[in-house]
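> Got a structure for you, questions after.
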Amino acid sequence: MKSVTAITDPAIITTLQQAWRLGPTPYLRERAHAVLLSHRGYSLDQIADILGAQYQTVSNWIDQWEDYGITGLYKHHGGVILPSSVLKRWNDSRSL
């Protein structure tokens, strides 16, 4: 069963929770929610059903999370530019 790699850093979980609840765009909130649900043990089928998304879409979100972290949850082609402070915090937390 495909799922996110275990997230052990509480700061990353907090970041995902804030992105889910307070993210600037609906798609970021939805993708962060999907990662959190996967982290909690939900299958991709269950996540797709909860969010009303396609299985493959959820799978792509998980892949993007695994490959790029929080920046992978943004739509890069949409012109979103993350502040350097956010990128630095994310990169610092991934190197622990």
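> Give just the number: which of (1) modelled with pLDDT under 95; (2) not in a helix (DSSP H, G or I); (3) not basic (Lys, Arg) does residue 69 not satisfy?
(2)
> Then there's this: Counting only residues that are hydrophobic (A, V, I, L, M, F, W, C) and closer than 12 Å to residue 74 by Cβ, how many does region 22-60 have? Write out each step before concluding.
Of region 22-60, the ones hydrophobic (A, V, I, L, M, F, W, C) are 22, 28, 32, 34-37, 44, 47-48, 50-51, 53, 58.
Narrowing further to those that are closer than 12 Å to residue 74 by Cβ: 28, 32.
Residues that pass the stated criteria total 2.
> In addition: Of everything in region 45-65, what is buried (at least 17 other Cβ atoms within 10 Å of the Cβ) and more than 13 Å from residue 31 (Cβ to Cβ)? Give them in sequence order.
Scanning region 45-65 gives no hits.
> Report, by residue number, each residue of region 72-87 that is surrounded by 11 or more Cβ atoms within 10 Å (Cβ to Cβ), modelled with pLDDT of 70 or more and in a helix (DSSP H, G or I).
Within region 72-87, 72, 73 meet the criteria.
> So which residues in region 26-54 are among the polar types (S, T, N, Q) and either within 17 Å of residue 69 (Cβ to Cβ) or touching a strand residue (DSSP E or B) at 6+ places or on another chain (Cβ under 7 Å) (or both)? Let's see the steps before the verdict.
Taking region 26-54 and keeping what is among the polar types (S, T, N, Q), we get 38, 43, 46, 54.
Selection gives 38 alone.
The values are calculated or read from the model by the stated rules, or taken from the named source; none is laboratory data. Just so it is clear, the structure is predicted and the values come from calculations on it, not from any experiment. Cβ: placed from backbone, ideal geometry, glycine included. Neighbour counts: every protein chain shown.
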